[in-house]
Amino acid sequence: VLAGDECISAGLEMTTLSADTQLALIANAPTSTEVANPVDLTAAAGSAEYQGVIGVLLADGDVDAVLIVHTTLEAGGHDDVAAAVNAVAVGSVKPVLASYVGAGAAARQAPPRGVVPAFDYPEAAAGALANAADYAEWRRRPEGQLPSLPDVQPLAARRRLREVMATGPEGCWVPSDVVAEVLADYGVPLLPGHVVRSPAQAAEFADGLGAPVAMRALNPDLGVEREDGALRLWLPDGAAAWEAYAEMAARLGAVMGGAALVRPMVTHGTEMVIGITQDRLFGPVIMFGFGGSTGDLMDDRAYRLLPLTDLDAERLITSLRCSPLLFGHRDRPLADVAALADVLLRVAALAEDVPQIAELQLNPVVVSPDGAVVCVARMRIAPPEPQPSVWLPRLKESVKVKGPFRR
């Protein structure tokens, strides 16, 4: 009963067995007290009863997997049942798992338990079966189509980054103006910025915009955390921009890079974050999540391997816990999710086409009913490492799954 409850908690369906199956079970295990599901063979059942009952269950078309739980207080008391379980499971196309409660670590090494996956507790077995069902469901999903992006310019992007790498062959953070050019090569919308080299220029630019601005030190090696003193947000006017530039220059000195980049703040929309990292095993990996205070509190992130298809981008957006915020939750305006998906696809294409990009941070990416725009972008380049096997990012090309897996 506990094992059945755990299966339900894990998302598996405990189907009620048909009348014919129940009669066959009673014929194979006359002492059973329950045959509707879960099947209780009682302590009187031996290896022959287990083998007969498992054979009946595997023959039932409404049963997709069988989990056997056997308990004993005797040393070696599992051996005969384990041998029977292994014998009847050989050649079965349906998953068969077992939990030999009380077997202990010594019995785990016994040969009779070497065929059917066995667990010390039924909770672990139910969890493993649920993971297998989830994986099978993922395998059956349509893969989608790789996007057609005729307007991207991979050759131009590679050339720009090669020129930067010539000055830092071991890798470096890319200057902000080059980052903007590379993103433009792939049609990624980035808020225009203005380089200012004095408090007066910062104040003049901020007053000219007539809106709150963000200021970031020009040195690309500096991070984007406010605590570093290299980033100031929501500066309301020229006076605030003047003061912020002066404070930044005094605090950072020469590390500031001799200038700052000032961009307008987007006053409405939902802050998201998009990132790219190069994994030594899987190659480029894209990260997507909520930014701003929501992201700080919830740590709401999702990850995908590349290449990224149109359906992958949609699922990435809807996989977050807070994704309802983008779809009109509690009268919030509907975000332009299509524009956000387009940014994801373009960033993924950039990461695949230009392996020198070791790290890319777009934070925040503000999405609103009017579209999606990148507010801050950082990029680090490094000599590309040997690429992993082409089979690793394409896990669906292994064994084909046929038929549904009832949950």
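State all residues of region 96-112 that are buried (at least 17 other Cβ atoms within 10 Å of the Cβ) and modelled with pLDDT under 50; if no residue qualifies, say none. Answer for region 96-112, where residues must be buried (at least 17 other Cβ atoms within 10 Å of the Cβ) and modelled with pLDDT under 50: Ala107, Pro112.
So that you can scan it fast, the table gives a plain yes or no per residue for (1) modelled with pLDDT of 90 or more; (2) outside any strand (DSSP E or B); (3) open to solvent by 60 Å² or more (accessible area, probe 1.4 Å):
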{"position": "Tyr245", "(1), (2), (3)": "yes, yes, no"}
{"position": "Ala250", "(1), (2), (3)": "yes, yes, yes"}
{"position": "Val262", "(1), (2), (3)": "yes, no, no"}
{"position": "Ile274", "(1), (2), (3)": "yes, no, no"}
{"position": "Leu297", "(1), (2), (3)": "no, yes, yes"}
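Looking only at residues in region 1-35 that are part of a loop (DSSP other than H, G, I, E, B) and free of Cβ contacts under 8 Å to residues at least 12 places away in the same chain, the one that is farthest from the chain's Cα centre (by Cα) is Pro30. The selection criterion, being over 25 Å from Ala156 (Cα atoms) and assigned to a strand (DSSP E or B), does not hold for Val285. Answer yes or no as to whether Val266 is touching a Cys at 6+ places or on another chain (Cβ under 7 Å) and open to solvent by 30 Å² or more (accessible area, probe 1.4 Å). Against the criterion (touching a Cys at 6+ places or on another chain (Cβ under 7 Å) and open to solvent by 30 Å² or more (accessible area, probe 1.4 Å)), Val266 qualifies. Being farther than 20 Å from Ser92 by Cβ and within 44 Å of the chain's Cα centre (by Cα) is the filter here, so list the residues in region 36-54 that pass it. Selection gives Ala36, Asp40, Thr42.
Residue count for region 138-189 under the criterion of being within 18 Å of Asp221 (Cα to Cα) and either polar (S, T, N, Q) or part of a loop (DSSP other than H, G, I, E, B) (or both): the result is 8.
Taking first residues from region 144-159 that are acidic (Asp, Glu) and partners that are open to solvent by less than 100 Å² (accessible area, probe 1.4 Å), the Cβ contacts under 7 Å between residues at least 6 apart in sequence or on separate chains come to Asp151/Gly187. The selection criterion, being without any contact (Cβ under 8 Å) to a residue 12 or more places away in the chain and not acidic (Asp, Glu), does not hold for Leu41.
For region 84-101, filtered to residues that are out of contact with any strand residue (DSSP E or B) (no Cβ under 6 Å at 6 or more places or on another chain) and in contact (Cβ under 8 Å) with a residue 24 or more places away in the chain, the residue that is nearest to Ala132 (Cα to Cα) is Pro95. Filter region 324-357 down to the residues that are small (Gly, Ala, Ser) and crowded, with 19+ Cβ neighbours inside 10 Å, then identify the one that is farthest from Gln153 (Cα to Cα). This residue is Ala335. Here is a check on your reading of the model: is Arg216 within 25 Å of Ile357 (Cβ to Cβ), among the basic types (Lys, Arg), out of contact with any His (no Cβ under 8 Å at 6 or more places or on another chain) and modelled with pLDDT of 95 or more? Against the criterion (within 25 Å of Ile357 (Cβ to Cβ), among the basic types (Lys, Arg), out of contact with any His (no Cβ under 8 Å at 6 or more places or on another chain) and modelled with pLDDT of 95 or more), Arg216 does not qualify.
Let's see how each residue does on (1) within 24 Å of Asn86 (Cβ to Cβ); (2) open to solvent by 60 Å² or more (accessible area, probe 1.4 Å); (3) basic (Lys, Arg):
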| position | (1), (2), (3) |
| --- | --- |
| Leu12 | yes, no, no |
| Thr15 | no, no, no |
| Ser18 | no, no, no |
| Leu25 | yes, no, no |
| Thr31 | yes, yes, no |
| Ala43 | yes, yes, no |
| Ala48 | yes, yes, no |
| Ile54 | yes, no, no |
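The values are calculated or read from the model by the stated rules, or taken from the named source; none is laboratory data. Fair warning: this is a prediction, and the values are worked out from it, not measured in the lab. No Cβ is skipped: glycine too gets one built from the backbone with ideal geometry, and neighbour counts run over all protein chains shown. All accessible areas refer to the heavy atoms of the entire protein, side chains included, with ligands and DNA or RNA removed. Shrake-Rupley method; radii C 1.70, N 1.55, O 1.52, S 1.80 Å.
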